[in-house]
Amino acid sequence: MTPAVSIHSLTKFYRKFKALDQVSFEVEEGDFFGFLGPNGAGKTTTINVVTGLANYKEGDVRIFGYNVRSDYRKTRALIGLVPQEFNFDPFLSAEQILLFEGGYFGYPWREAKKRAQELLESFDLAEKRKEGYKRLSGGMKRRLLIARALMHRPKILILDEPTAGVDLELRHRLWDFLRRLNRDGTTVFLTTHYIEEAEKLCNRIGVIHEGKIIALDPTDVLIRKMARDRVELFLKKPLYELPRELVSLDVALRDSGRKLQFEEKEEVVPRVLKALHEKGYEIEHIDVRRPTLEDAFLKLTKKEVHFDIDT
Ligand SMILES: Nc1ncnc2c1ncn2[C@@H]1O[C@H](COP(=O)(O)OP(=O)(O)OP(=O)(O)O)[C@@H](O)[C@H]1O
Ligand SMILES: [Mg+2]
């Protein structure tokens, strides 16, 4: 099957700055793909290349087999793009924004009108259809951005941080909406800083860091590969010093010696229990926290960040 997105050895410079460095990955048709990475990693740049908004020096970038450069119009018609920043014409109303988009993709007027009405209703914007875009709230603008991307029924929807600054209820509604859209056959490519959102929605994850792909796996595989169960062991009486045999196992003593904290690897649990038993310490209870995508993401992208502020 032809992949929905295929990127091979993509390198992009902004003048002398290498923003993308040999980026290669594929998104299968039907995937709900999560594209994650810290600020400045190269997510929007990748999206801009895929959607033909940015040029690139080296590499091969295809949408459903069509080259984004030589088949620009074809690939652009297959993609619905929800950009990171609002880029509406400030003089148009919500409905006009959708109609113009329909026109851009060659929809006959009556059909565009019908589609726009449908989308305004699904996104709870019907009452605001005559309203100028500037008079919409932030959440309404986000919804309009998504509605606009769907006007021409794209085969793949690319969303660049669609839930930034969106309230909890709307975020949940958007999740449901995207899930349904994906179930009905639209491939989804999502960028987000809410790692929990990616964990809930995406079946596959790619992580980009400083212009390079550093992970590419099904979501559950990535979590298991990168992070382990986190164990917290609460003691009945405090332990003032860690037994010597536990020091090398990365066991930390917390809460004035009442809690031992560690990651489960190479059977640390039985060794900790044995050491405590030998020293006559009793356990009150044990908490085990399953790893999340966030743990995996932090491990992958961890670097010391200091914000130095003179006071
Ligand atoms: N038009 C541009 N000219 C020069 N440098 C750019 C341009 N656009 C982006 N960059 C640089 O390229 C790098 C990647 O930026 P990009 O916008 O792709 O990051 P991002 O992963 O989308 O980050 P964020 O999560 O903050 O949106 C950054 O160092 C950025 O400063
Ligand atoms: Mg971005």
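Read the figures in this text as sums done on the coordinates, not as results from a lab. Predicted, not measured: the structure shown is a model, and the values here were computed from it. Glycine gets a Cβ as well: all are built from the backbone with ideal geometry, and neighbour counts include every protein chain shown.
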Mind ranking 36-47, 177-188 by how tightly packed they are, going by the mean number of other C-beta atoms within 10 angstrom, highest first?
36-47, 177-188
Residue separation between H172 and D124 times 0.36 nm, minus their alpha-carbon distance, gives in nm 15.8 nm
Name the residues of region 153-168 whose amide N is less than 15 Å from a point 7 angstrom out from the Cα of K114 along the C-beta direction?
153
Taking 0.36 nm per residue of sequence separation and subtracting the Cα-Cα distance, how much length would be gained by fully extending the chain between N87 and E58, in nm to one decimal?
7.6 nm
Once each part is reduced to its C-alpha centroid, what is the distance from region 21-52 to region 202-237 in angstrom?
19
Applying 1/(1 + (r/R0)^6) with R0 = 25 Å to the Cβ-Cβ distance of F234 and K265, what FRET efficiency is obtained, to the nearest 0.05?
0.75
Place a +1 charge on the Cβ of each Lys and Arg in the chain and a -1 charge on the Cβ of each Asp and Glu, then give the dipole magnitude about the Cα centre in debye, rounded to the nearest 20.
980
Two-decimal Rg/Rh of the chain from alpha-carbon positions, Kirkwood Rh?
1.10
Pairs of Cα atoms farther than 17 Å apart, region 154-261, %:
67
Could you please state, rounded to a whole Å, how far the C-alpha centre of region 181-195 is from the C-alpha centre of region 264-286?
43
Before anything else, pin down the relative contact order of region 5-225: Cα pairs under 8 Å, at least 6 apart, normalised by residue count, whole percent.
29
Summed residue charge, Cβ within 12 Å of Y107's Cβ, Lys/Arg positive, Asp/Glu negative:
+3
Between K113, K265, K128, find the one with the highest GNM mean-square fluctuation for the chain; connect C-alpha pairs within less than 10 Å.
K265
Could you please rank E85, E264, placing first whichever residue has the fewest other Cβ atoms within 10 Å of its Cβ?
E85, E264
Enumerate the calculated ³J(HN,Hα) couplings along region 122-138 in order (Karplus 6.51 cos²θ - 1.76 cosθ + 1.60, θ = phi - 60°), each rounded to whole Hz, writing x wherever the residue is Gly or Pro.
4, 9, 6, 10, 4, 5, 9, 5, 8, 6, x, 4, 5, 8, 8, 6, x
Connecting C-alpha atoms closer than 10 Å in a GNM of the chain, tell me which of R129, R15, R115 has the biggest fluctuation.
R15
